[in-house]
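Working notes, structure below.
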Amino acid sequence: MSRPDVSVVVVSYNTRDLTLRCLRELIDSRTPDVRFDITVVDNASLDDSADAIAERFPEVRLIRLTENVGWGRGVNRGAVASDGEYLLLLNPDTVPVGHPVTDLLTFARRQPEHRVYTGRTLHADGTDDGYSCWGLPSLWSHFTFATGLSTAFSRYQWANPEGLPRYDRQSVCEVPAVSGCLMLIERDLFCQLGGFDPQFFLYSDDIDLAARAAALGARPILNPDVAVIHVGGASSSSEGQRVKILRGKATYVRRHWSPPRARLGIGLLAAGVGLRAVGTALLTSERSRGVDWISVWRQRRVWSAGWPQINEPWPPQDPSEVPPPSTAPPPPADRAGAVGRTSGG
């Protein structure tokens, strides 16, 4: 059998029904002119996700992990188990609109110099949720977070540069970084990068990949004609999610910035959290937003340290050698929720 044009990789964690719906819609979106296979990496889900996938979709390659290794490391395992010319990373809490695999691949082959591609991620009502692309972190973006400007003036590019609020997502445009929620990338480039940095358990892993890809000449680009509906945050409870986002941000700045600049960046993050913690204590409206900033502030030593160092060679262990789950304990509370994520904060 010939090599697939695209290998779709989905990493799931306790998203049984959403993953089943995603797979059903994805398979139904096939077209005759593009051949793709699907690999699901199950991060030791506790909701019988893996068994349900195996029963309903025997044609899907299923990798059962015995522990929750995080999103990026899960993608790495799915990547080495497949061999498509391109990799399409897709969250399990997405629903394809039209024929996203065919449309995104066709677009990529017409503009191969970009090497990394995305479309739009939508709310259920069809409006853009803004999560498919992001700006790269900078001292300025950390300053606007520290001062509350990114919240007070979130619709302005100068105040919210990572959120790209003024980007025209209705037109083809180059973007600084592509979300792993919907990312098409050349396999050769992905392997040249060594996949996702295994230190990132969750959040900012895709931003890190985009920054490293750009250093090799890639120019990520958005095609507005490709879209998926995105539930968002399906496997992460609101409590603790912000801590994970901040751990990812702290890991990113330590990876990409000089030590003095990284310390300043993390200090600005702490200032922003402190400001919001005061707001939570004083203003009832802050409590209604679903983020317990006082709790996040109390955990600042945890998130400011970033994710712990993990030494995992590329390529990672052959997934075929990973034994099926037996009675593996659930992952620690601060390492749950490896899918249904977005990069922004």
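The values are calculated or read from the model by the stated rules, or taken from the named source; none is laboratory data. Computed from a predicted structure; not experimentally measured. Here the Cβ positions follow ideal geometry from the backbone for every residue, glycine too, while neighbour counts run over all protein chains shown. Surface areas here come from the heavy atoms of the whole protein model, side chains and all, with no ligands, DNA or RNA. Shrake-Rupley method; radii C 1.70, N 1.55, O 1.52, S 1.80 Å.
Where helices (runs of 4 or more DSSP H) fall wholly inside the stretch 62-146, the ranges with 3 or more residues that are in contact with a helix residue (DSSP H, G or I) (Cβ under 9 Å, 6 or more places away or on another chain) and closer than 20 Å to Ala177 by Cα are 71-81, 139-146.
Looking at the structure I just gave you, is Leu189 among the hydrophobic types (A, V, I, L, M, F, W, C) and surrounded by fewer than 21 Cβ atoms within 10 Å (Cβ to Cβ)?
Numbers: among the hydrophobic types (A, V, I, L, M, F, W, C): yes; surrounded by fewer than 21 Cβ atoms within 10 Å (Cβ to Cβ): yes.
In short, yes.
Whether a residue is assigned to a helix (DSSP H, G or I), hydrophobic (A, V, I, L, M, F, W, C) and surrounded by 18 or more Cβ atoms within 10 Å (Cβ to Cβ) was assessed, and Ile207 passes this test. Checked against (1) farther than 24 Å from Gly195 by Cα; (2) outside any helix (DSSP H, G or I); (3) among the acidic types (Asp, Glu); (4) modelled with pLDDT of 95 or more, Asp51 meets all criteria but (2). Return only the number of the condition from (1) within 25 Å of the chain's Cα centre (by Cα); (2) at pLDDT 95 or above; (3) open to solvent by 80 Å² or more (accessible area, probe 1.4 Å) that Leu264 does not satisfy. With respect to (1) within 25 Å of the chain's Cα centre (by Cα); (2) at pLDDT 95 or above; (3) open to solvent by 80 Å² or more (accessible area, probe 1.4 Å), Leu264 is out only on (1). Of the residues that make up the stretch 161-183, is at least one out of contact with any Pro (no Cβ under 8 Å at 6 or more places or on another chain), of a type outside the set (A, V, I, L, M, F, W, C), part of a strand (DSSP E or B) and surrounded by fewer than 18 Cβ atoms within 10 Å (Cβ to Cβ)? No, the stretch 161-183 has no match at all.
Looking at this structure, is Thr19 within 23 Å of the chain's Cα centre (by Cα) and part of a helix (DSSP H, G or I)? Yes; evaluated as a whole, the condition is true for this residue.
Somewhere in the stretch 289-306, is a residue of a type in the set (D, E, K, R), open to solvent by less than 70 Å² (accessible area, probe 1.4 Å) and at pLDDT below 95? No, because not a single residue in the stretch 289-306 is of a type in the set (D, E, K, R), open to solvent by less than 70 Å² (accessible area, probe 1.4 Å) and at pLDDT below 95.
Table: residues versus (1) closer than 27 Å to Arg16 by Cα; (2) β-branched (Val, Ile, Thr).
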| position | (1), (2) |
| --- | --- |
| Val75 | yes, yes |
| Gly78 | yes, no |
| Gly98 | yes, no |
| Leu105 | no, no |
| Gly119 | yes, no |
| Gly130 | yes, no |
| Trp134 | no, no |
| Ser138 | no, no |
| His142 | no, no |
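Under the condition of being of a type in the set (Val, Ile, Thr) and not in a loop (DSSP other than H, G, I, E, B), the residues counted in the stretch 147-160 number 1. Look at Thr144 and say whether it is modelled with pLDDT under 95, of a type in the set (Val, Ile, Thr) and over 22 Å from Asp28 (Cα atoms). Answer is no for this residue.
If the condition is being closer than 14 Å to Glu67 by Cα and among the acidic types (Asp, Glu), then the stretch 30-46 contributes only Asp42. Trp71 meets all of the listed conditions (1) farther than 23 Å from Asp17 by Cβ; (2) crowded, with 19+ Cβ neighbours inside 10 Å but one, namely (1). Regarding Tyr252, is this residue in a loop (DSSP other than H, G, I, E, B) and hydroxyl-bearing (Ser, Thr, Tyr)? No: the conditions fail for Tyr252.
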